[in-house]
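Accompanying notes for the structure given below.
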Amino acid sequence: MWPGGSGHLEELQRRLALQWWDQPAWHPQAGRSPLVGAAFATTFRGLAGTGSAGDPAWVAAVLWLEGRLVKSVVLTGSFDAPYVPGLLALREGRLLQEAVLALGGTTDVLMVDATGRDHPRGAGLAIHLGAACDVPTIGVTDRPLLATGDEAGTQRGAAAELRLGGELVGYRLRTRVGARTVVVHAGWRVDADTACELVLGVTGDSRTPEPLRQARRLARASRSHDAVPT
């Protein structure tokens, strides 16, 4: 599921983009809070957008339910490829999948710091990871990759459509007054509207949705701990 070269990955991305249309849509079950997972990978400071194959990696995955952290795992390893826009799955995919599977397979929906339909071949890492783990996914990033649209309003919950080739692929979402918007991406089995609603529902006082914020915090804390000389 994680091919070793860019050509093979691009072919797989195109195939996943076509399969995306035929997947059963996921929506939260009425009367029950979803168990929201999140996964985040990091490396040494300053290397996130310029890194090489073999860079050390710290990867965390969490489960979040009704405002509390119920389970977490942190793994260490090495990234498989350099960072290349549109090919993030080559670098992070295998490690993220290992962390998600270590949670035990109980996640209703998974958030990841990656794009989904907003991608040159229609299947960013959020979609690829969902297909690999067989779990609905939502992408949450700081900015769109290719999609365009207006800025969202200033009030919490304001959203503005992002489109690529006429398709609604995500939203700019204002999660906190006075903070920059986040970009919410349609992922595997999750459309843009459902993704936007769920992200807002699990975002507290911070700009980032809480499950993803907790995964990021744990990955960075593990990195800091390992970097301290003994």
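Throughout, read-outs are computed from the coordinates displayed, never taken from laboratory work. Bear in mind that the values here come from a model prediction, so they are computed numbers and not experimental data. Positions of Cβ are generated from backbone atoms using ideal geometry, with glycine treated the same way; all protein chains shown enter the neighbour counts.
Annotation: the residues Ile138, Ile127, sorted from fewest to most other C-beta atoms within 10 Å of their own C-beta, follow the order Ile127, Ile138. A cut-off of 5 Å between modelled amide H atoms, ignoring neighbours fewer than 5 places along the same chain, links Gly37 with Trp64, Asp108, Val109, Leu110, Met111. Along the axis of the charge dipole computed for the chain (Cβ charges of +1 for Lys and Arg, -1 for Asp and Glu, origin at the Cα centre), the listed residues Trp26, Ser72, Ala123 are led at the positive end by Ser72. Extension gain, Arg14-Thr148: 0.36 nm per intervening residue step, less the Cα-Cα distance, totals 46.1 nm.
Residues whose amide H falls under 5 Å from that of Lys71, counting only those 5 or more places apart or on a different chain, are Leu63, with hydrogens built in the peptide plane. Largest first and in whole Å, the equivalent-ellipsoid semi-axes of the range 120-230 read 25, 19, 13, each the square root of five times a Cα gyration tensor eigenvalue.
Taking every alpha-carbon pair within the chain, the share separated by more than 22 Å comes to 48 percent.
Could you calculate the FRET efficiency of Gln29 with Leu69 from 1/(1 + (r/R0)^6), where r is the beta carbon distance between them and R0 is 22 Å, rounded to 0.05? Calculated transfer efficiency: 0.55.
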